[in-house]
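Okay, structure first, notes after.
The values are calculated or read from the model by the stated rules, or taken from the named source; none is laboratory data. Fair warning: this is a prediction, and the values are worked out from it, not measured in the lab. For neighbour counting, all protein chains shown are included, and Cβ atoms are generated from backbone atoms with ideal geometry for every residue, glycine included. Ligands, DNA and RNA are stripped out before the accessible areas are found, and what is left, the full protein with its side chains, is counted by its heavy atoms. Shrake-Rupley method; radii C 1.70, N 1.55, O 1.52, S 1.80 Å.
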Amino acid sequence: MTSDSMWKGGSGNRRMRAGWVLVLAATALPGLTVAAQPASADPTGYHIYAHGFLSNGIVGYNASDTDRPTSIQGKPMPGALNWPQAPSPDGRFLFVAPGTNPQLIPYAIGADGELAATGTPLPLPDVPVDIIFAPNSRDAFVVVGVQNAQVVPVRIGADGTPTLNGSPMPFGESLDGVASGTVSPDGKQLYVASLLPRQLLVFDINADGSVSPVKQRVSTGLNPIYPRVTPDGEHVYVVNEISGSVSGFARSGDGTLAEIAGSPFPTGMLPHVTSITPDGRYLYVPNMGSGHISSFAVEPNGVLTPLPDVAFAPDRPGTFAESSVMSPSGGVLWALGTDPLRGGEEILRRFTIGSDGVLDLDESVAVYTGTYVADGRTLSLVPRR
């Protein structure tokens with residue numbers, strides 16, 4: 001594994017906005033953080049997995065809210081041009097889907113986090129963009145296609161083998177594509193952001209794990225990506241990559257959506273894969289085009305109240321965050337970014353979350369992963385079993 005870690009003393013200081021940094025606003029294409037129950041500590045720790053869109057290989061680390069991350073042995077090589085990865089909610093398997101050879105590839109997660117090929121990969125009908133799991137760990141959905149997108153329903157076998165669970169469901173419009181999604185905590189709806197139409201789509205999930213045709217389309221900002229449902233299922237948020245904002249929606253009993261007053265809520269430039277605390281009180285948004293992570297308090301009515309921003313890499317100009325995951329305790333946010341001065345190598349950072357929701361950068365943790373270009377759902381966290 002080509003990985004080196006930089007460690008500096010001290011727990012870090014709380015930092016405010018790092019300032020705007022201009023970047024080329026080319027469309028950065030698009031990801032699943034599993035909601036966990038809040039806890040006071042993480043005594044057993046967890047596994048973190050990262051890959052790069054432009055590099056082959058998945059790297060892993062054993063980590064906790066406080067200890068130094070240590071590398072997991074092995075580096076599976078599923079292929080390059082890979083946007084998504086996703087663990088099953090039960091923590092048994094990690095799935096990836098490379099674009100150069102479209103297929104859904106399963107890996108078994110060992111006791112120490114090691115990844116081992118398992119089962120049989122599932123060929124996919126088009127370029128995979130995201131992998132989304134239902135809470136039951138049995139049903140998953142792969143969204144494919146840069147145009148004429150489809151949802152591919154998948155059933156996960158006992159050994160991790162994915163098989164088709166019925167026919168792929170077309171989104172319904174030719175412009176639909178480059179889509180990313182999430183499933184509601186009750187497992188009843190699939191929410192998918194369709195990039196070019198600037199819409200968030202609602203699918204019902206049937207009892208057999210298949211999906212219905214689109215039952216609602218709601219407008220968003222420019223380039224909607226990576227929707228997120230709050231743990232209580234009351235609200236849905238989707239980042240608008242080009243608009244630099246988050247659109248918020250109230251979720252009704254049948255899963256349909258109505259935009260929240262005050263939405264959209266401004267973020268930094270090119271916001272990407274969000275995380276939310278297990279209690280649903282705070283939402284965090286990495287920005288690929290700004291030097292900071294945007295932070296929000298989630299009000300009971302769904303309105304997002306801005307909190308102080310925190311710099312992702314204040315000592316590394318031009319290094320911005322793209323993907324994020326939340327620790328099971330809700331006390332730590334991990335974020336993955338890209339360092340242009342190292343040829344686009346990815347860097348992993350840790351932030352503690354204060355009782356007021358404000359992030360505090362742990363300056364002692366700056367792990368270079370040996371993978372390149374964080375773009376997509378490139379980071380996963382799996383609690384130890």
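Ala86: open to solvent by 20 Å² or more (accessible area, probe 1.4 Å) and aliphatic (A, V, I, L, M), yes or no?
For Ala86, the condition - open to solvent by 20 Å² or more (accessible area, probe 1.4 Å) and aliphatic (A, V, I, L, M) - is not met.
Val218: over 30 Å from Arg155 (Cβ atoms), part of a strand (DSSP E or B), open to solvent by less than 40 Å² (accessible area, probe 1.4 Å) and at pLDDT 95 or above, yes or no?
no
Scan the strands (runs of 3 or more DSSP E) fully inside the stretch 259-327 and keep the ones with 1 or more residues being out of contact with any Phe, Trp or Tyr (no Cβ under 8 Å at 6 or more places or on another chain).
Qualifying strands (runs of 3 or more DSSP E): 304-311, 320-326.
Looking at Arg281, Arg251, Arg316, which is the one that is among the charged types (D, E, K, R) and more than 28 Å from Gln189 (Cβ to Cβ)?
Among Arg281, Arg251, Arg316, only Arg316 is among the charged types (D, E, K, R) and more than 28 Å from Gln189 (Cβ to Cβ).
Can you name every residue in the stretch 333-379 that is among the charged types (D, E, K, R) and over 20 Å from the mean Cα position of the chain (by Cα)?
Within the stretch 333-379, Arg342, Asp356, Asp360, Asp362, Glu363 meet the criteria.
For the condition open to solvent by 20 Å² or more (accessible area, probe 1.4 Å) and either within 18 Å of Leu381 (Cβ to Cβ) or modelled with pLDDT under 95 (or both), what is the one hit in Asp130, Asp65?
The conditions single out Asp65.
So which residues in the stretch 154-168 are open to solvent by less than 40 Å² (accessible area, probe 1.4 Å) and out of contact with any Leu (no Cβ under 7 Å at 6 or more places or on another chain), if there are any at all?
The answer is Ile156, Gly157, Gly160, Thr161, Asn165.
Pairs please, first residue from the stretch 242-267 and basic (Lys, Arg), second anywhere and in a loop (DSSP other than H, G, I, E, B) and open to solvent by less than 30 Å² (accessible area, probe 1.4 Å), Cβ atoms under 7 Å, 6+ apart in sequence or on different chains.
Partner pairs satisfying both residue conditions: Arg251/Gly233.
Please count how many residues of the stretch 334-362 are in a strand (DSSP E or B), closer than 20 Å to Pro308 by Cα and open to solvent by less than 20 Å² (accessible area, probe 1.4 Å).
Residues meeting the conditions: 10.
Against the definition (surrounded by fewer than 24 Cβ atoms within 10 Å (Cβ to Cβ), in contact with a strand residue (DSSP E or B) (Cβ under 7 Å, 6 or more places away or on another chain) and under 19 Å from Ala80 (Cα atoms)), how does Val365 come out, yes or no?
No, not satisfied.
Out of Thr118, Thr70, Thr100, which single residue is within 28 Å of Asp176 (Cα to Cα) and of a type outside the set (A, V, I, L, M)?
So the residue among Thr118, Thr70, Thr100 that is within 28 Å of Asp176 (Cα to Cα) and of a type outside the set (A, V, I, L, M) is Thr100.
The rows are residues; the columns are (1) closer than 24 Å to Phe171 by Cα; (2) touching a Leu at 6+ places or on another chain (Cβ under 6 Å).
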| position | (1), (2) |
| --- | --- |
| Ser219 | yes, no |
| Asn223 | yes, yes |
| Ile242 | yes, yes |
| Phe249 | yes, yes |
| Ser252 | yes, no |
| Val285 | no, no |
| Met288 | no, yes |
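Run Ala258 past the list (1) within 22 Å of Arg68 (Cα to Cα); (2) open to solvent by 40 Å² or more (accessible area, probe 1.4 Å) and report the number of the one that doesn't hold.
So the condition that Ala258 fails would be (1).
For a quick check of your reading: which strands (runs of 3 or more DSSP E) sit entirely within the stretch 35-154 and have at least 2 residues that are β-branched (Val, Ile, Thr)?
Answer list for the stretch 35-154: 58-63, 103-109, 128-133, 139-144.
Look at Ser71 and say whether it is among the hydroxyl-bearing types (Ser, Thr, Tyr), closer than 23 Å to His47 by Cα, open to solvent by less than 20 Å² (accessible area, probe 1.4 Å) and out of contact with any helix residue (DSSP H, G or I) (no Cβ under 9 Å at 6 or more places or on another chain).
no
Restricting to the stretch 120-152, give me the number of residues that are small (Gly, Ala, Ser) and closer than 21 Å to Leu175 by Cβ.
Selection size over the stretch 120-152: 2.
Just to verify a result, which residue in the stretch 233-255, among those that are charged (D, E, K, R) and assigned to a loop (DSSP other than H, G, I, E, B), is surrounded by the fewest Cβ atoms within 10 Å (Cβ to Cβ)?
Asp254
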